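Engineer: Here you go, one structure.
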Amino acid sequence: WDFETGLRYDYVRIDAFYYQGDSLQSPVRKFDNTSATLGATRSFGHHWLLKLNLGTAWRPPSISELYSNGLHHGAAAIEAGNSHLNLEQSNSIQFGGQYKSKRFSLNLDLYHMYFNNYIYLKPNGVELTIKGAFPSFVYQSIKANYSGIDFNLDLHVSQSIIYHLKYNFVRALNLIDRTFLVGIPADRLRNGFSYYKKFATESALNCSITGDYVFKQSRYDENADYVSPPSDYLLFNLEMNYEFKMKEKNIQLAITIDNLLNKTYRDYMNRFRYFTDEMGRNIGFKINYKF
């Protein structure tokens, strides 16, 4: 086994200024703590690699988490900070395996994290203002667990074609009342093909088409959100890149088409899902000149 260790100390000071009525408030918050990591890797032959990581981490609450107080115009929601929030701490363990050969590569990572004072934005009813009714949220801290799996497979179908498969899922639990946390990504599955061809003229063509399937989030607290999670959906995306040289300079032409079939859907992770659908087909062109 090969081992790596790390230790880090951070100090953060937050100076804030805001009005409470006609009185100017200027609170000062100070945070400091250490983070540590321990990693181990071991190779088996020329193909297998095992990885184990243990770690502790922390972060101070942000300005928004501490002192938000009113309408967030970018999210069409009212947010309330919590000036009593303390630093967020986590302990984590990650175990993974990797296999590589000429035909395919495989990566599998499993992780578990325990959070003390996990800071999140909790739905808190609907608030009526002179501009209308808006969903309200308040920042809170709880004890929480996160567990998940990341899986990735690349299979070389031929010298120029590669099949890609990727799967991610995460489970998050509020340990105070034993309920699922809001705002956690649903399971996601991506698969597709990429094609790469290099020509004798020092030019190259790279194309890919992918299908992203997002499951419906079924693990949630029914009483903790304004509406139920939206339905599952499948999106197709296309990307083409052509790179060539002109007078010894590299030029890249690219076209991307997201949501190729113009699917109507809503994403659970977007708070605008309360009001509207996601963007439809999006076509982009890019010219990249390297000098």
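The values are calculated or read from the model by the stated rules, or taken from the named source; none is laboratory data. All values derive from a computational prediction rather than experimental measurement. Virtual Cβ from ideal backbone geometry, glycine too; neighbours counted across all protein chains shown. Note: areas computed on protein heavy atoms with side chains; ligands, DNA, RNA excluded. Shrake-Rupley method; radii C 1.70, N 1.55, O 1.52, S 1.80 Å.
Engineer: Roughly speaking, what is the stretch gain from Phe95 to Ser64, that is 0.36 nm per residue apart minus the C-alpha to C-alpha distance, in nm to one decimal?
Structural biologist: Net length gain for the segment: 7.8 nm.
Engineer: Then there's this: Which of the trypsin sites (Lys or Arg not before Pro) found in region 168-222 are in a DSSP loop and have at most 11 neighbouring Cβ atoms, other than their own, within 10 Å?
Structural biologist: Arg178
Engineer: Using a probe radius of 1.4 Å on heavy atoms only, what accessible surface per residue do you get for region 33-123? Whole Å² is fine.
Structural biologist: Value returned for region 33-123: 55 Å² of accessible area per residue.
Engineer: Out of Gln217, Ala200, Gln159, whose Cα points farthest toward the positive end of the dipole of region 151-251 (charges: +1 Lys, Arg; -1 Asp, Glu; placed on Cβ)?
Structural biologist: Ala200
Engineer: Just how large is the dipole of the chain about the Cα centre, in debye to the nearest 20, putting +1 at every Lys and Arg Cβ and -1 at every Asp and Glu Cβ?
Structural biologist: 920 debye
Engineer: Roll a 1.4 Å probe over the protein chains and send me the accessible area per residue for region 141-235 in Å².
Structural biologist: Here the residues of region 141-235 average 56 Å² of exposed surface.
Engineer: Could you list, in their original order, any pairs among Lys166/Lys198; Lys263/Lys286; Lys100/Lys197; Lys30/Lys122; Lys197/Lys245 whose Cα atoms are separated by more than 18 Å?
Structural biologist: Result: Lys166/Lys198; Lys263/Lys286; Lys100/Lys197; Lys30/Lys122 exceed 18 Å.
Engineer: Tell me the mean residue ellipticity at 222 nm calculated for the chain from its helices only (DSSP H runs of n ≥ 4, each -39500 (n - 2.57), averaged over every residue, nearest 500).
Structural biologist: -500 deg cm²/dmol
Engineer: If you take mean projected area of the Cα convex hull in nm² from the coordinates, which of (i) 14.2; (ii) 21.3; (iii) 20.4 do you get?
Structural biologist: Checked against the structure: label (ii).
Engineer: Okay, moving on. Give the Kirkwood hydrodynamic radius (Å, one decimal) of region 101-145, defined as one over the mean of 1/r across all pairs of different Cα atoms.
Structural biologist: 14.6 Å
Engineer: Measure out, as a whole number of angstrom, how far apart the alpha-carbon centroids of region 69-112 and region 196-239 sit.
Structural biologist: 19 Å
Engineer: Residue by residue, what Karplus-based ³J(HN,Hα) values in Hz, rounded to whole numbers, does region 211-217 have, using 6.51, -1.76 and 1.60 with θ = phi - 60° and x for Gly and Pro?
Structural biologist: The phi angles translate into x, 10, 10, 10, 6, 6, 6 Hz.
Engineer: Taking the Cα-to-Cβ direction at Lys245 and at Trp1 and moving 7 Å from each Cα, how far apart do the two end points lie in nm?
Structural biologist: 4.9 nm
Engineer: OK, next. Probe radius 1.4 Å, ligands and nucleic acids ignored: give me the carbon and sulfur share of the accessible area of region 176-291 as a rounded percent.
Structural biologist: 54 percent
Engineer: In region 233-291, which GluC sites (Glu not before Pro) are in a loop and have at most 12 other Cβ atoms within 10 Å, using DSSP for the loop call?
Structural biologist: Sparse-neighbourhood loop GluC sites (Glu not before Pro): Glu248.
Engineer: Right, next: Nearest 0.05, what FRET efficiency do Phe275 and Asn152 give at R0 = 30 Å with Cβ-Cβ as r?
Structural biologist: 0.30
Engineer: Between Leu52 and Leu38, what is the label-point separation in nm under the 7 Å Cα-to-beta-carbon projection?
Structural biologist: It is 0.9 nm.
Engineer: Would you work out the relative contact order for the chain, in percent, from Cα pairs under 8 angstrom that are 6 or more residues apart?
Structural biologist: Here the relative contact order equals 10 percent.
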